[in-house]
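Below is one structure, written out as structure tokens, with a few remarks after it.
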Amino acid sequence: MTAPFVPAAAHVRRFLKSSAGGAFFLLLASLAGFVLANSPWAAGYRTLTTLPLKFSFLGKRGPDNVATWVSDGLMTLFFLVVILEIKKEIVSGHLSSLRRVALPLIGAVGGMVVPALTYLLVTWGDPEATSGWAIPVATDAAFTLPIILALGRRVSPGARAWLMALAIFDDVLGIVVIALFYGSVLYWPALLAAVLVTAALIGANRAGIRTLWVYGAGGILLWTALLDSGLHPTLAGVITGLCLPAGDAKGAAPLDRVSSAITPFVTWIVLPLFGFMNVGISVTGMKPNMMLEAVPLGIMLGLMIGKPVGVFGATLLSIRLKVAMLPAGTSTGMLFGLSLLCGIGFTISLFVANLAFYGSDLIAPAKMGIFAGSALSALTGWVWLRFMPQNVTRPSEEGGFPR
């Protein structure tokens, strides 16, 4: 019996609605930026990314060109989407109990500490280079999810939920690192204003206010206050997302409405713009042996070795100590393959690299280290999971995330 004919347009629509479609467009935009930066149109590309765009009412710390508006402004929406996803999982999803939260959270912490130590070990003795210690600590869910979906039944539903939860925790912890270690000197009046706005948002939530414009206005005020506070303004997305109500007896919850409205914009506009603006580095004068210099080597080793060792080691230890349980239908071999994929640190790694090496000659080799480490992590993780014998534990043997 032949399979029913499916028009090509239907396949395209399905692809565009999938997470793989968004990841593909992000990769395409990033490659476009890289190609333009190394083409005869490089000068035009630099002119576009540094096009002045400044508003005096935001003060001297406000974004002053197109690229910084994308990094400091639009990326706030990306962090808002990230925190909304984890809040939904905590309220009614795979993270709705402490036992379910423990395994990915412990893995995320291990997956931050070991890569950072690996990087510091390689770059020790160079104060400028060591400032990039946080570059290899985060996992990019935008690229890991399409890979594990493409692997189909070779990744169990419980393992898939574990990896996505871990990637989200990674992003949240990365945001905390950015706020604490990559801000500037604190300006207390602005910080007090940010605290007051945050208190007002929490008060609106406790008072049962479901009107979205209240939280939207509060988020904008918070972002403006954080610009001068010394903390990174993208933290406004995290705080606003945490304050959005997750339950509403009269229809869709505000959290779900905001997530549905913003996620496509972030997927198809914000992240591709960020990739286009930040991946465009010139490799003129660079030689292959430069990848063995401290910064790119530290990043590559942090992503390729530190990340899987930290994630797998911390996760396995928590299971052995019975702090948490292995996800249903998941073997330790599958867990190791997914830990390899955690070395894909594209978006957050680029974000931190821009903060750590802003205006420095180290920014280009750092980005090359990110590309190389992320690509090799994706390849090794896919090969391991694709060809690993399917020897998984039965749900009755190990507890964990439900199917």
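Looking at the range 83-107 only, could you name the residues that are modelled with pLDDT of 75 or more and in contact with a helix residue (DSSP H, G or I) (Cβ under 7 Å, 6 or more places away or on another chain)?
Ile83, Leu84, Glu85, Ile86, Lys87, Lys88, Ala102, Leu103, Pro104, Leu105, Ile106, Gly107
Tell me which residues, restricted to the range 150-164, are in a helix (DSSP H, G or I) and either open to solvent by 10 Å² or more (accessible area, probe 1.4 Å) or at pLDDT 80 or above (or both). Walk me through it before giving the result.
Step one: filter the range 150-164 for residues in a helix (DSSP H, G or I), giving 150, 152-154, 157-164.
Residues satisfying the conditions are Ala150, Gly152, Arg153, Arg154, Pro157, Ala159, Arg160, Ala161, Trp162, Leu163, Met164.
What are the pairs with Cβ atoms under 6 angstrom where one residue, in the range 315-329, is touching a residue at least 60 places away in the same chain (Cβ under 8 Å) and the other, located anywhere, is open to solvent by 40 Å² or more (accessible area, probe 1.4 Å)? Sequence gap at least six, or different chains.
Ser318/Ile106; Met325/Glu398; Leu326/Glu398; Ala328/Pro395; Gly329/Val392; Gly329/Pro395
Within the range 376-389, work out how many residues are more than 14 Å from Pro136 (Cβ to Cβ) and open to solvent by 40 Å² or more (accessible area, probe 1.4 Å). Before the answer, list the steps.
Step one: of the range 376-389, the residues more than 14 Å from Pro136 (Cβ to Cβ) are 378-389.
The next check asks that each one be open to solvent by 40 Å² or more (accessible area, probe 1.4 Å); those that pass are 379-380, 382-384, 386-387, 389.
Total satisfying the criteria: 8.
Inspect all residues belonging to the range 269-289 and state whether any of them is aromatic (Phe, Trp, Tyr), in contact with a helix residue (DSSP H, G or I) (Cβ under 6 Å, 6 or more places away or on another chain), within 30 Å of Pro63 (Cα to Cα) and surrounded by fewer than 23 Cβ atoms within 10 Å (Cβ to Cβ). Explain how you work it out, then say what you get.
Applying the first criterion (aromatic (Phe, Trp, Tyr)) to the range 269-289 yields 274, 276.
When the remaining residues are screened for being in contact with a helix residue (DSSP H, G or I) (Cβ under 6 Å, 6 or more places away or on another chain), the result is 274, 276.
Then keep just the ones that are within 30 Å of Pro63 (Cα to Cα); that gives 274, 276.
Those left that are additionally surrounded by fewer than 23 Cβ atoms within 10 Å (Cβ to Cβ): none.
Scanning the range 269-289 turns up no residue that is aromatic (Phe, Trp, Tyr), in contact with a helix residue (DSSP H, G or I) (Cβ under 6 Å, 6 or more places away or on another chain), within 30 Å of Pro63 (Cα to Cα) and surrounded by fewer than 23 Cβ atoms within 10 Å (Cβ to Cβ).
Looking at (1) free of Cβ contacts under 8 Å to residues at least 60 places away in the same chain; (2) part of a helix (DSSP H, G or I); (3) of a type outside the set (Asp, Glu); (4) closer than 27 Å to Ala102 by Cα, which one does Ala190 not meet, given that it meets all the others?
Status for Ala190: all satisfied but (4).
Are any residues in the range 219-240 in a helix (DSSP H, G or I) and under 15 Å from Val172 (Cα atoms), and if so, which ones? Write out each step before concluding.
Pass one, the range 219-240, residues in a helix (DSSP H, G or I): 219-229, 235-240.
Correct list: Leu235, Ala236, Gly237, Val238, Ile239, Thr240.
Just the residues that are outside any helix (DSSP H, G or I), modelled with pLDDT of 90 or more and not hydrophobic (A, V, I, L, M, F, W, C), please, taken from the range 108-149. Steps first, answer last, please.
Residues of the range 108-149 outside any helix (DSSP H, G or I): 124-126, 131-134, 138-140.
Checking the rest, the ones that are also modelled with pLDDT of 90 or more come to 124, 131-134.
The answer is Ser131, Gly132.
Please work out if Ala261 is without any contact (Cβ under 8 Å) to a residue 24 or more places away in the chain, outside any helix (DSSP H, G or I) and out of contact with any Pro (no Cβ under 8 Å at 6 or more places or on another chain). Spell out how you get there, then give the answer.
Details: without any contact (Cβ under 8 Å) to a residue 24 or more places away in the chain: yes; outside any helix (DSSP H, G or I): no; out of contact with any Pro (no Cβ under 8 Å at 6 or more places or on another chain): yes.
It is false that Ala261 is without any contact (Cβ under 8 Å) to a residue 24 or more places away in the chain, outside any helix (DSSP H, G or I) and out of contact with any Pro (no Cβ under 8 Å at 6 or more places or on another chain).
Can Ala194 be described as among the small types (Gly, Ala, Ser) and over 17 Å from Arg61 (Cβ atoms)?
Values: among the small types (Gly, Ala, Ser): yes; over 17 Å from Arg61 (Cβ atoms): no.
Here the answer is no, as Ala194 does not meet what is asked.
Tally time: how many residues in the range 319-344 are of a type in the set (A, V, I, L, M) and under 22 Å from Ile135 (Cα atoms)? Walk me through how you get there before you give the answer.
As a first pass, look at the range 319-344 and keep what is of a type in the set (A, V, I, L, M): 319, 321, 323-326, 328, 334-335, 338, 340-341, 344.
Next cut, under 22 Å from Ile135 (Cα atoms) only: 338, 340-341, 344.
So the answer is 4.
Search the range 1-59 for residues being modelled with pLDDT under 60 and outside any helix (DSSP H, G or I), and hand back the single one that is farthest from Val279 (Cα to Cα).
Per the criteria, the residue is Met1.
The values are calculated or read from the model by the stated rules, or taken from the named source; none is laboratory data. Keep in mind the model is a prediction, meaning the values are calculated, not measured. So basically every Cβ, Gly included, is an ideal-geometry build from the backbone, and we count neighbours across all protein chains shown. Remember, those area values only see protein heavy atoms, side chains included, never the ligands or the DNA or RNA. Shrake-Rupley method; radii C 1.70, N 1.55, O 1.52, S 1.80 Å.
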